[in-house]
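The values are calculated or read from the model by the stated rules, or taken from the named source; none is laboratory data. Bear in mind that the values here come from a model prediction, so they are computed numbers and not experimental data. Reconstructed Cβ throughout: ideal geometry from the backbone, glycine too, with neighbour counts over all protein chains shown. Surface areas here come from the heavy atoms of the whole protein model, side chains and all, with no ligands, DNA or RNA. Shrake-Rupley method; radii C 1.70, N 1.55, O 1.52, S 1.80 Å.
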Amino acid sequence: MNLFLKIKPWLLSFLLLFSTAVMAQPIPKFKVIAFYTAKNDQAHISYVREANKWFPKMAAQYNFRYDTTANWNNMNEKFLSQYQVVLFLDTRPEDAAQRAAFQRYMEKGGAWMGFHFAAFSLADSAFPDNWNWYHQQFLGSGAYGSNTWRPTPAILRIENQNHPATQQLPQRFKSSPNEWYRWEHDLRKNPDIDILLAVDSSSFPLGTGPKAHEIWHSGYYPVAWSNKKYKMIYVNMGHNDIDYEHHTNKELSLTFDNPIQNKFIMNGLLWLGNRKNRSGFKH
């Protein structure tokens, strides 16, 4: 007797509907894994929570898969082999084996996007300047130098109009409020670095203080760049404004509440994900 004749009609209908639904699911164009810590600063915690709500929406819209992990022990060859793009939402790996795995992933063709605090390093801090390859060669920026305060928007200027991340963006646009970083090295002097966005001079004075050194009045400040030797983009944005003064920890700004800035981030992520040799490690 035909096997299908033994199956009850309602069960057969269910199986047909289930198989149709499974077949209708599109295969993701690429897979993203976002590493984060989200423990040290309420502004960074707020940003990470926001990012982990925003990126899944983008994943559904642009057909990629977005996974997250707060377990940095997953920074290993087997785990990373499942993903074409790695994100550092707020920090970096501290363990030597994790760092070595990430370096191998990038050197073998993996892709990376890092945000704000992911590039931070400072001697005698909780995130010391002790990863030479990452800060000096990969990012090229060296150690953290200083920052603006409090978080404020800036007018950003496109420095490379030909890069895929800057396509269909205005030459200048207003960012979301952010704490802006200054770096040890002048990235303009590094031939490997492709600066994508910088603070436009119309932003000055940038910051409100209260300390005088937290307000920038002049200078050149790159805020997003790529390294031509790797498939990567660093984005300085990723610090929401928080009501620390009144001890409410209320969010006063959001990073992803900015369509133009969002388009830059998505342009960059789609460029990182859509590539012929996308995986850093073989499956």
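How do 125-134, 191-200, 248-257 rank on mean C-beta neighbours within 10 Å, highest first?
In descending order of packing, they fall as 191-200, 248-257, 125-134.
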When the charge dipole of the chain is computed with +1 on Lys and Arg Cβ and -1 on Asp and Glu Cβ about the Cα centre, the Cα farthest towards its positive end, among ALA212, ASN236, ASN162, belongs to ASN162
Estimated dipole of the chain in Debye, rounded to 20 [Cβ of Lys and Arg +1, of Asp and Glu -1, Cα centre]: 1480 debye
Aspartates and glutamates with Cα under 14 Å of LYS31, excluding same-chain neighbours fewer than 8 positions away: ASP67
What value, in deg cm²/dmol to 500, does the helix sum -39500 (n - 2.57) over DSSP H runs of n ≥ 4 give at 222 nm once divided by the residues of the chain? -8000 deg cm²/dmol
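Which percent of the accessible heavy-atom area of the chain goes to carbon and sulfur, probe 1.4 angstrom?
Whole-percent figure for carbon plus sulfur exposure: 54.
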Trypsin sites (Lys or Arg not before Pro) within region 75-155: which are DSSP loop residues with at most 15 other Cβ atoms inside 10 Å? LYS108
If you take the Cα Rg of the chain and divide it by 2.2 N^0.38 Å, with N the number of residues, what do you get? 1.14
In terms of the Cα gyration tensor, with a ≥ b ≥ c the square roots of its eigenvalues, is region 174-283 rounded because a/c is under 1.5, prolate because a/b exceeds b/c, or oblate? oblate
In square angstrom, what is the accessible area per residue of the chain with a 1.4 angstrom probe? 49 Å²
